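Remarks on the structure that follows.
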Amino acid sequence: MILGIGCDLVEVGRVERQLESEGRAFLEQLFTPDEIAYCEGKRYPARHLSARLAAKEAVFKALALERSEGFLWQQAEIRSDEAGRPSLVLHGRLRELAERRGVRSVHVALSHTDNLATANVVLEA
Ligand SMILES: CC(C)(COP(=O)(O)OP(=O)(O)OC[C@H]1O[C@@H](n2cnc3c(N)ncnc32)[C@H](O)[C@@H]1OP(=O)(O)O)[C@@H](O)C(=O)NCCC(=O)NCCS
């Protein structure tokens, strides 16, 4: 059974501007060390960061959360397998909340162009 869906669209240029103005503080506030390493290993890191940011927003929407509820952005982490296929792993309080709501698996898809990145998240019981 589907418990929730979420999607989000992020402008890559906005992420590029935040990277320029805030640097590592921006990265470390939003992304896990592994996410940062993955994106920094790519030719255009901002596109991959934007897609991950969209996925974090999308999972908050799928769980019907307000960002102000105090969940950390790093508690929703995108991991990539050797083929580049992404998965979404929940940590800490976010994971506990999802489990309490009966979420047993989380599905994610990412896509990006040079100026837009998108993510879709499906929560399954
Ligand atoms: C996987 C593939 C479809 C991605 O296509 P793309 O248009 O370059 O990718 P997009 O920019 O839309 O999306 C990129 C995201 O796709 C996701 N992705 C990559 N490989 C994936 C896979 N095997 N399965 C699911 N998602 C995948 C990643 O999350 C990636 O973003 P990230 O690197 O930031 O994590 C493509 O690279 C591929 O390998 N296709 C194989 C089939 C093929 O060659 N078709 C061409 C002729 S039809």
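The table below lists the values:
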read-out	value
Surface per residue (accessible, 1.4 Å probe) for the chain, Å²	56
Label-point separation, ARG104 to GLU28 (7 Å along Cα→Cβ), nm	4.0
Rounded, prolate or oblate (a/c below 1.5 giving rounded, otherwise prolate when a/b exceeds b/c) for the range 20-95 by Cα gyration tensor	oblate
The range 83-125 - Rg (one decimal) and Dmax (whole number), Cα, Å	12.6, 38
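The values are calculated or read from the model by the stated rules, or taken from the named source; none is laboratory data. All of these numbers come straight from a predicted model, not from anything done at the bench. All Cβ positions, even for glycine, are placed from backbone atoms using ideal geometry, and neighbour counts span all protein chains on display. Just the protein is used for accessible areas: all its heavy atoms, side chains included, with ligands, DNA and RNA removed. Shrake-Rupley method; radii C 1.70, N 1.55, O 1.52, S 1.80 Å.
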